[in-house]
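*Asks:* Below you will find the structure I want to go over with you.
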Amino acid sequence: MSTLVHDLDWPQIDVDRIGAGPDTRDVVADLAAKGWLIKTPFGYLLTRHEDCVAVLKDKRWYQASRLLAEMNQITDERYLKRQQRPSILSMEGDEHQRLRRLVAGAFTPRAADRLRPFMREVINGLIDPFAATGRCDFVTDVCEPYPIPIICELLGAPNEDWEQFSRWATAIFQIFNDDLADHVDEVVDAGEALDAYVLDLIDNRRDDPRDDLLGDLIAAEEAGDRLSNDELIMLVEAVILAGTDTTRNQLACALAVFTDHPDQWAELAERPELAARATEESLRYLGAIRGTGRFAAEDIEYRGVLFPAGTLVFPSFVGANHDADLFDDPARFDITADRGGVGHLTLGFGLHYCLGANLARAELQEALIICARRMPNLRLDGEIVWKPDGFGIWGPASLPLAFDPVEGGA
Ligand code: HEM
């Protein structure tokens with residue numbers, strides 16, 4: 001007979017103490033040493049790789065973003081109505097698997113590779129204006145704009161729309177902030193504007209088929225099954241939302257880490273073939289997504305403990321990515337390390353594993369290669385300002401950098 005999770009004497013923390021900052025790994029490592037499960041005011045934090053993976057691949061644990069309104073005590077009807085619409089992240093079981101199967105072909109490494117030349121063009125274009133000065137705020141000058149033209153290109157949306165996309169994405173992502181209740185109207189207005197925009201985009205493209213992601217999605221078909229119009233809208237919105245703030249914060253996190261490791265930055269410039277490992281190590285060492293949430297869709301027994309239906313757990317990616325049982329010397333950042341094929345969890349794992357992982361990797365790799373080459377002797381030019389804690393996507397709000405200008409530019 002398993003013991004009810006709520007009756008056991010787990011180590012406890014006030015959630016504020018987990019934080020999001022670069023030192024979170026020390027806090028979570030201390031917690032992991034105390035136990036594999038830590039009680040928080042919201043639910044239970046999973047501190048170790050093995051348990052995070054077990055939960056993320058178990059279809060009885062549902063993605064918890066659908067509970068955000070409840071957790072934030074939102075009663076606004078417009079918000080609640082929108083929240084009931086299915087999204088890929090909130091879908092589960094056969095419905096979710098069907099969708100993943102239908103869209104898999106559109107998100108392969110080859111599909112991401114199509115965009116690499118464009119990624120290089122975008123990143124070079126962003127560096128050009130400040131290259132000769134040897135100074136920039138990397139967040140404002142590079143990270144904020146970088147993913148948007150790529151998503152526009154991916155979807156065949158006009159490039160001049162990127163600032164609008166960016167504003168909608170920023171507004172909608174407030175769903176992950178602790179102060180969501182204060183921004184409900186903005187979130188809903190941005191969501192409605194995005195719906196109208198995406199519907200228009202799809203309608204136009206049905207008459208004008210092209211060889212890009214939106215074309216692939218419209219054509220996606222398996223055994224006579226196709227995506228409906230609502231599913232297409234939902235997926236395009238997921239790409240716009242999940243594919244922008246994530247990449248930009250992750251790139252800023254990576255550069256922030258490299259300012260502490262100038263030798264590795266120089267090595268990356270010398271050996272661009274290290275970009276894939278540098279990307280994985282940056283994702284592991286300082287991920288823009290610090291963890292996720294799941295709730296038990298039914299009573300679940302795990303490790304001799306009974307988690308009754310509704311129990312919330314939070315797989316900590318920070319904990320998993322610094323699990324000393326799996327990663328040799330996890331507190332060391334090393335872009336040359338062979339981590340033996342053990343994966344970090346910053347792109348998720350299992351059923352909801354990041355659909356855009358190949359695209360995200362390509363974007364980060366291309367940006368790192370070009371930045372390392374064009375921004376040698378990288379150093380901080382002021383304090384890094386980190387975004388506040390929360391459940392959401394995290395990284396530097398400001399990253400003032402200096403470097404030695406390179407003769408001859410790109
Ligand atoms: C460095 C950048 C990125 C990071 C760190 C990241 C991280 C993640 C994580 C952790 C999840 C799983 C969440 C969970 O299990 O609760 C996820 C899911 C997802 N990501 Fe990403 N992501 C990134 C970039 C992208 C890009 C570029 C796209 C789109 C092209 C994208 C689209 C998605 C979608 C659609 C899902 C939902 C998948 C599902 O529910 O089946 N992501 N991402």
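We did not get these values from a lab; they are worked out from the coordinates using the rules stated. These figures come from a predicted structure and were not determined experimentally. FYI the Cβ positions are ideal-geometry reconstructions off the backbone, even for glycines, and counts take in every protein chain you see.
*Asks:* So, counting K/R as plus one and D/E as minus one, what does the shell of residues with Cβ under 12 Å around Asp161 add up to? Numbers along the way, then the final one.
*Replies:* Values: positive: Arg167; negative: Glu153, Glu160, Glu163, Asp200.
It works out to a net charge of -3.
*Asks:* Take every DSSP beta bridge with both residues inside the chain and express the antiparallel ones as a percent of the total, to the nearest 5.
*Replies:* Of the beta bridges lying entirely in the chain, close to 80 percent run antiparallel.
*Asks:* Place +1 on the Cβ of every Lys and Arg and -1 on the Cβ of every Asp and Glu in region 174-272, take the dipole about the Cα centre, and give the residue among Ala266, Ala238, Pro209 whose Cα lies farthest towards its positive end.
*Replies:* Ranked along the dipole, the leading option is Ala266.
*Asks:* Identify, among Ala171, Tyr197, Thr292, the residue whose Cα sits farthest towards the positive end of the charge dipole of region 3-402, taking +1 on the Cβ of Lys and Arg and -1 on the Cβ of Asp and Glu, with the dipole about the Cα centre.
*Replies:* Looking along the dipole axis, the top candidate is Thr292.
*Asks:* While we're here: Counting only helical runs of four or more DSSP H residues, what would the 222 nm mean residue ellipticity of the chain come to if each run contributes -39,500 (n - 2.57) and the total is spread over all its residues?
*Replies:* -13500 deg cm²/dmol
*Asks:* Among Pro330, Pro129, Pro109, whose mean-square fluctuation peaks in a Gaussian network model of the chain (Cα, cutoff 10 Å)?
*Replies:* Pro129
*Asks:* Considering all alpha-carbon pairs of the chain, what whole percent are spaced by more than 31 angstrom? Present the calculation step by step, with values, prior to reporting the outcome.
*Replies:* On the way: 33082 of 83845 pairs.
Tail of the P(r) past 31 Å holds 39 percent of the pairs.
*Asks:* Shifting gears a bit: Just need the relative contact order of the chain here, percent rounded to a whole number, with Cα pairs under 8 Å and 6+ apart.
*Replies:* 27 percent
*Asks:* So, one more: Given Cβ point charges of +1 (Lys, Arg) and -1 (Asp, Glu) and nothing else, what value in debye, to the nearest 20, does the dipole of region 3-402 about its Cα centre take?
*Replies:* So the magnitude is around 740 debye.
*Asks:* May I ask you to sort Leu213, Leu89 by Cβ crowding, counting other Cβ atoms within 10 Å and putting the fewest first?
*Replies:* Least crowded to most crowded, the residues run Leu89, Leu213.
*Asks:* Fewest first, what order do Glu92, Glu50 take by the number of other Cβ atoms within 10 Å? Don't jump to the answer; show the numbers that get you there.
*Replies:* Details: Glu92 18, Glu50 14.
By the 10 Å Cβ count, ascending, the order reads Glu50, Glu92.
*Asks:* Now for a different question. Let me make sure I get this right: for region 128-176, a, b and c are the square roots of the gyration tensor eigenvalues over alpha carbons, sorted descending. Under 1.5 in a/c it's rounded, otherwise prolate if a/b > b/c, else oblate. Which is it?
*Replies:* Numbers: a/c = 3.13, a/b = 1.48, b/c = 2.11.
Oblate, since a/c reaches 1.5 and b/c is not below a/b.
*Asks:* Ordered by residue, what ³J(HN,Hα) values in Hz, to whole numbers, does region 189-196 give under the Karplus form 6.51 cos²θ - 1.76 cosθ + 1.60, where θ = phi - 60° and Gly and Pro are x?
*Replies:* The phi angles translate into 4, 5, x, 5, 5, 5, 3, 4 Hz.
*Asks:* Which of Cys253, Cys354 comes first, and how do the rest follow, when ranked by fewest Cβ neighbours within 10 Å? Intermediate results must be reported in sequence, preceding the final value.
*Replies:* Working: Cys253 24, Cys354 18.
Ordered by Cβ neighbours within 10 Å, fewest first: Cys354, Cys253.
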